[in-house]
Amino acid sequence: MDLQLRDRVYLVTGGSRGLGRATVDALVADGARCVVSSRSEETLAEVASAYGDAVRTVAADNADVETPGRLITAAQEAWGRVDGALISVGGPPAGPATAMSDDAWSGAFESVFLGAVRLAREVGAVLGSGGSMAFVLSTSVKAPVAGLSISNGLRPGLAMLAKNFADELGPRGIRVNGLLPGQIFTDRMKELTGAASAEEAQVPRTIPMARFGEPEEFGRVAAFVLSPAASYLTGVMVPVDGGMTRSL
Ligand SMILES: NC(=O)c1ccc[n+]([C@@H]2O[C@H](COP(=O)([O-])OP(=O)(O)OC[C@H]3O[C@@H](n4cnc5c(N)ncnc54)[C@H](OP(=O)(O)O)[C@@H]3O)[C@@H](O)[C@H]2O)c1
């Protein structure tokens, strides 16, 4: 199947590592170009040298009000167009609801929630027909993940906003979806499990496929959902979780 990604331009926030990076891999492999952002200049320098001309990098925090404008400008200056965005960001602090401080909630709200909403609003304003945005959320949209209370609190609201954006932008031919990773072994999963690799970590018995996901398994789904090949898919939450989510 041709995903029709050639020469299309996507913004990928949180794109230097993990699920964002795997999505950049899949998009670029099919001929797209990406503006990749994250906070660390050093990691972005590695990204720039890995992809060459197919990528531009911008050091930007999703919590910063100027980030959407800077990413859009980078895409327009490099290639004169923007076709969509994958909105990913570092996960919120882990911990039980009984122990999370106001500061932990406020910090996560700024980067995970408001940062994503602002990006969708500002990128959505410049997309044309055929544009596509996807929020990287979590299976916590559908069921609470033990020990991730802030994710459990913020992601379901973002999922509803993804539908809200899909409703508002659909008449202009723009699609908006959510992606719900389960347990894909990235740096975030290393932090949460304390294991250095998927082989060393204990696979939760709740995953029917009996293994962690690999970042490229997420990246391929994300690239498809963003691509024109998924032209009638909007307002949905797509789990990429090896069957872990119990609800439909
Ligand atoms: N992996 C999973 O299975 C899984 C499951 C459920 C939900 N999720 C969620 O999916 C998202 C991505 O997860 P991941 O596994 O890819 O995480 P990851 O491996 O930790 O990568 C996070 C990426 O986001 C960047 N980043 C972090 N904070 C940022 C900020 N404030 N602004 C801009 N960029 C930022 C990081 O680079 P810098 O640190 O240099 O900024 C890095 O490129 C997270 O929100 C996570 O909670 C992941």
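The values are calculated or read from the model by the stated rules, or taken from the named source; none is laboratory data. Treat the numbers as computed from the prediction; the structure is a model and nothing was measured. Here Cβ is always computed from backbone atoms with ideal geometry, including for glycine, and neighbour counts include all displayed protein chains. Surface accessibility is based on the protein's heavy atoms, side chains included, excluding ligands, DNA and RNA. Shrake-Rupley method; radii C 1.70, N 1.55, O 1.52, S 1.80 Å.
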Quickly estimate the mean residue ellipticity at 222 nm for the chain, helices only: each DSSP H run with n ≥ 4 gives -39500 (n - 2.57), and the total goes over all residues, rounded to 500. -12000 deg cm²/dmol
Please compute the contact order of the chain in relative form: average sequence separation of alpha-carbon pairs under 8 Å and at least six residues apart, divided by the residue count, as a percent. 22
If I ignore ligands, DNA and RNA and count only protein heavy atoms, how much of LEU233 is accessible to a 1.4 Å probe, in Å² to the nearest 10? 50
Okay, which of region 163-180 sit inside 12 Å, backbone N to the point 7 Å along the Cα-Cβ direction of SER129? 171-174
Quick check: pseudo-label points 7 Å beyond the Cα along Cα→Cβ at GLU46 and ASP187, how many nm apart are they? 0.7
For the chain, state the semi-axes of the equivalent ellipsoid (square roots of 5 times the eigenvalues of the alpha-carbon gyration tensor), sorted largest first and rounded to whole angstrom. 26, 19, 19
Kirkwood Rh over alpha-carbon pairs of region 1-92 plugged into Stokes-Einstein at 10 °C, 1.306 mPa s gives a D in µm²/s of 124
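For every other residue with a beta carbon closer than 14 angstrom to the beta carbon of TYR10, add +1 if it is Lys or Arg and -1 if Asp or Glu, then tell me the sum. All intermediate terms of the calculation are to be shown ahead of the outcome.
Working: positive: ARG6, ARG8, ARG21, ARG33, ARG56, ARG81, ARG175; negative: ASP7, ASP25, ASP30, ASP83.
Charge balance near TYR10 sits at +3.
What does the net charge come to around GLU216 if you take all other residues with beta carbon closer than 11 Å to its beta carbon, with K and R at +1 and D and E at -1?
On the way: positive: ARG21, ARG220; negative: ASP25, GLU214, GLU217.
Result for the neighbourhood of GLU216: -1.
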Provide the net charge surrounding LEU71, with neighbours chosen by a C-beta distance below 12 Å and charges set as Lys +1, Arg +1, Asp -1, Glu -1. -2
Give me the distance between the Cα centres of region 192-230 and region 1-31, rounded to whole Å. 17
What list of ³J(HN,Hα) values in whole Hz, one per residue of region 30-40 in order, does the Karplus curve 6.51 cos²θ - 1.76 cosθ + 1.60 (θ = phi - 60°) give from phi, with Gly and Pro shown as x? 9, x, 7, 10, 9, 9, 9, 10, 5, 8, 7
Tell me the accessible surface of THR57 in square angstrom (1.4 angstrom probe, heavy atoms of protein chains only), to the nearest ten. 50
Reported to the nearest 10 Å², MET100 has, with a 1.4 Å probe, an accessible area equal to 40
Mind pulling the angle between the C-alpha long axis of helix 41-51 and the longest principal axis of the chain? Nearest 10 degrees, somewhere in 0 to 90. 60
Show ASP103, ASP64 ordered by accessible area, largest first, where the area counts protein heavy atoms only and the probe is 1.4 Å. ASP103, ASP64
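When the solvent-accessible surface of protein heavy atoms is calculated with a 1.4 angstrom probe, in what order do ARG8, ARG81, ARG39 fall, highest first? Display every interim value, and only then the final one.
Working: ARG8 40, ARG81 90, ARG39 170 Å².
So, going from the largest accessible area down, we get ARG39, ARG81, ARG8.
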Around THR57, which amide H atoms from residues at least 5 apart in sequence, or from another chain, sit under 5 Å from its own amide H, with H modelled in the peptide plane? VAL36
For ALA32, what residues show an amide H to amide H distance below 5 Å, using hydrogens built from the backbone and excluding near sequence neighbours? ASP7
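Of all beta bridges DSSP finds with both residues in the chain, what is the antiparallel percent, to the nearest 5? List each step's numbers first, then the result.
On the way: 0 of 28 bridges.
Close to 0 percent.
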Please give the FRET efficiency for SER231 paired with ALA78, using the beta carbon to beta carbon distance and R0 = 30 Å, rounded to the nearest 0.05. 0.75
Using only the Cα atoms of region 113-160, each taken as one equal point scatterer with no solvent, compute I(q) by the Debye sum, divide by I(0), and report log10 of the ratio at q = 0.20 Å⁻¹. -0.69
For region 195-209, take each phi angle, set θ = phi - 60°, evaluate the Karplus expression 6.51 cos²θ - 1.76 cosθ + 1.60, and give the result in whole Hz per residue in order, putting x for glycine and proline. 9, 7, 8, 4, 5, 7, 7, 7, 6, x, 5, 7, 9, x, 6
